[in-house]
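Chemist: Just dropping this structure here.
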Amino acid sequence: PGVRELIERDLALLATAAELVHRLVVPLRFLSLPDEVSQFAQMMHEQTDLRWEAWTLTRFSRNFAHSAVHFPRPVLSARSCLVETLEAGIPMTEFEVATANDPRWSRTRSQVASLGVSSLMRMLLWDNFVHADLHPGNILVRLVDGNRVYSNIRELGSVDVRRARPHLVYLDTGLVTELRPRDHDNFLALFRALIIDGDGRAAADLIVERSGPERAARVIDRQGFLERVDRIARPVLAARFQPGRLALGPVLLEVMSAVREHRVHLDPAFTNLVMTVVCLEGVWRQLAPELDMHPVLLKAALQFMLR
């Protein structure tokens, strides 16, 4: 009760503080704090209207129709009430613990992780509509063997792991990231530069150039930034064709550090997207440390080029 009024008050305080810092503390202007607060405010407003989550559930269900990734369907929605279909499944945390240290589950665990990475690539590259709150508590696992569906932790002992195929259920879609067309084009260009062309320097130059002339002029040591990102990305590029060695999360965090230190502007939604990728890769790496992302990314890159 009263949560909307409390949130509006807090957002007003945050906006005032951000504007004061932006105007009075010149060295921190590159952070674009008012833009960050505006982005955060939009996300919070969406969270307090459950009709928004009903709409996102419908859109995700449409995007992933006829796939092994599922979402609850909204049955009834109002601003303060949302009724969804009950989706059976094993919570990811329980599945991870129950199948740990059991060699017969290693293939299935890798399949679950690969499905998760593939679904993320679809959200990023094609749909431009990314679930931004996919921690393990919002992920359920089902195992499907023909017409038989295993969705209870107690049933795992009777699963034929050679035949069963994993399905995922994603819950709680109130937080999503959707880039503006220009920013999504920037992201696709970065994906091409890093994953397809293997050019870290070109990727860094794109980040600067597409921030706009005024913001690009404020970058500290532009050449140094290009060289630094190239050094950061080089091990990733070298690992693209070495199974099991490709890890995007640590590299993206290093790039974000370089962005901050060289005062390169990034759109807040773009930053949210990077953090989503980092967190999700961590989830799948925990499930399958040996996960080879190379085939998944190559398939995504091939589909991207054909598109």
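The values are calculated or read from the model by the stated rules, or taken from the named source; none is laboratory data. Treat the numbers as computed from the prediction; the structure is a model and nothing was measured. Here the Cβ is made from the backbone with ideal geometry for all residues, glycine too, and neighbour counts use every protein chain on show. When the accessible area is computed, the model is the full protein with side chains, heavy atoms only, and any ligands, DNA or RNA have been set aside. Shrake-Rupley method; radii C 1.70, N 1.55, O 1.52, S 1.80 Å.
Chemist: May I ask you to list the residues in region 201-213 that are modelled with pLDDT of 80 or more and either more than 21 Å from V251 (Cα to Cα) or open to solvent by less than 20 Å² (accessible area, probe 1.4 Å) (or both)? Steps first, please.
Modeler: As a first pass, look at region 201-213 and keep what is modelled with pLDDT of 80 or more: 201-209, 213.
The answer is A203, A204, V208, P213.
Chemist: What helices (runs of 4 or more DSSP H), lying completely within region 37-132, carry at least 2 residues that are out of contact with any Pro (no Cβ under 7 Å at 6 or more places or on another chain) and basic (K, R)?
Modeler: Numbers: elements: 50-63, 92-99, 106-121.
Filter on region 37-132 gives 50-63, 106-121.
Chemist: Among residues belonging to region 236-283 that are of a type in the set (D, E) and out of contact with any Leu (no Cβ under 8 Å at 6 or more places or on another chain), point out the one that is modelled with the lowest pLDDT.
Modeler: Initial filter on region 236-283 (of a type in the set (D, E)): 254, 261, 267, 281.
After this cut, where a residue has to be out of contact with any Leu (no Cβ under 8 Å at 6 or more places or on another chain) as well, the list is 254, 261.
Working: E254: 85, E261: 89.
In this case the residue turns out to be E254.
Chemist: Would you tally the residues in region 168-220 being more than 25 Å from E53 (Cα to Cα) and part of a loop (DSSP other than H, G, I, E, B)?
Modeler: Total meeting the criteria: 9.
Chemist: What's the total number of residues in region 18-30 that are without any contact (Cβ under 8 Å) to a residue 12 or more places away in the chain and open to solvent by less than 80 Å² (accessible area, probe 1.4 Å)?
Modeler: Final tally of qualifying residues: 3.
Chemist: Inspect all residues belonging to region 265-279 and state whether any of them is crowded, with 16+ Cβ neighbours inside 10 Å, in contact with an Asp or Glu (Cβ under 6 Å, 6 or more places away or on another chain) and assigned to a loop (DSSP other than H, G, I, E, B).
Modeler: Yes, some residue in region 265-279 is crowded, with 16+ Cβ neighbours inside 10 Å, in contact with an Asp or Glu (Cβ under 6 Å, 6 or more places away or on another chain) and assigned to a loop (DSSP other than H, G, I, E, B).
Chemist: Test Q286 against the stated conditions and say whether it is open to solvent by 20 Å² or more (accessible area, probe 1.4 Å), more than 20 Å from V229 (Cα to Cα), of a type in the set (S, T, N, Q) and modelled with pLDDT of 80 or more. Write out each step before concluding.
Modeler: Numbers: open to solvent by 20 Å² or more (accessible area, probe 1.4 Å): yes; more than 20 Å from V229 (Cα to Cα): yes; of a type in the set (S, T, N, Q): yes; modelled with pLDDT of 80 or more: yes.
Taking the combined requirement at face value, the residue satisfies it.
Chemist: Going by the structure shown, is D172 of a type outside the set (A, V, I, L, M), in contact (Cβ under 8 Å) with a residue 24 or more places away in the chain, touching a helix residue (DSSP H, G or I) at 6+ places or on another chain (Cβ under 7 Å) and open to solvent by 30 Å² or more (accessible area, probe 1.4 Å)?
Modeler: Working: of a type outside the set (A, V, I, L, M): yes; in contact (Cβ under 8 Å) with a residue 24 or more places away in the chain: yes; touching a helix residue (DSSP H, G or I) at 6+ places or on another chain (Cβ under 7 Å): yes; open to solvent by 30 Å² or more (accessible area, probe 1.4 Å): yes.
In short, yes.
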